Amino acid sequence: GANQLAGTPLNASEILRLAIAIEGHPDNIVPALLGGCRLAVANEQSQGREWQICEIPWHQSLVPIVAVPNFTLSTAQARSVLPPEVSRSDAIFNASRLALLVKGLETGETKWLNLALQDKIHQPYRQLLIPGYQAVRLAALEAGACEVVISGAGPTLLAIAKHNLAQAVASAMQEAWTAEGITTQVRPLHLDKQGARSRREMVSRRTR
């Protein structure tokens, strides 16, 4: 893009660092730039705030499904319902499931994902701001989804399912929200592992 037009003055690491500084949320910009499923952790011991990025393997049998309703939910409102402190037991509950989530995504084992996607820190509070949340979640689970989670602060919901069940899960989520009187766009997604690239790069790769 702009970097190429300027004669590529920035390397990939510098572009990523600049993008994080501008966007402010590495969980958004890192996978958008690099592709795949990514984990970003701040190294507070380094000079300045340095982000360590690693890729989490995503099993080819798993499909992410997003359901985007036609109403908005501000990040400020979603944050306002969260408690100011987290209990030790809830912190342990979530932390223990993070390692299991990585294992489930890598192996495609639904039994791990069913357990790993449980949450006690933000979803019990934020789901109350999303009309039809429980109906959509239950419909997706009955159709074969591993679990349904709130994407970021919401109101978009994200389900993970095996490839052969993805379309059924998507249809079930859409029908459930329609029954609640809410219009929504639901799509099974393909996980892009190449990340952001210019049209020139895409054409070059096709012609090799």
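Tabulated results
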| item | result |
| --- | --- |
| Hits among aspartates and glutamates - C-alpha to C-alpha of Lys162 under 19 Å, sequence gap 8 or more where chains match | Glu106, Glu109, Glu142, Glu147, Asp192 |
| Solution diffusion estimate, µm²/s, Stokes-Einstein, region 99-197, Kirkwood Rh from C-alpha pairs, 10 °C, viscosity 1.306 mPa s | 112 |
| Nearest 10 degrees, 0 to 90: helix 166-179 Cα axis against the chain principal axis | 60 |
| Spacing of the two label points (7 Å from each Cα toward its C-beta) at Val68 and Phe93, in nm | 3.1 |
| Quotient of Cα Rg and 2.2 N^0.38 Å for the chain, N being how many residues it contains | 1.13 |
| Per DSSP, loop GluC sites (Glu not before Pro) in region 5-102 with at most 16 further Cβ within 10 Å | Glu44, Glu85 |
| Estimated inter-spin distance, Arg197 and Ala21, nm [label 7 Å along Cα→Cβ] | 2.8 |
| Sparse-neighbourhood loop sites, trypsin sites (Lys or Arg not before Pro) in region 38-105 - DSSP loop, at most 13 other Cβ within 10 angstrom | Arg49 |
| Binned Cα-Cα distances of region 35-100, short to long, each 10 Å bin given as a whole percent | 13, 23, 46, 17, 1 |
| Listed residues Ser198, Ser171, Ser151, most fluctuating in the chain (Gaussian network, C-alpha, under 10 Å) | Ser198 |
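Every read-out reported here was derived from the displayed coordinates using simple, explicitly stated rules and does not represent laboratory data. Bear in mind the structure is a predicted one, so any value in this text is a computation, not a measurement. Backbone-built Cβ (ideal geometry, glycine too); neighbour counts: all protein chains shown.
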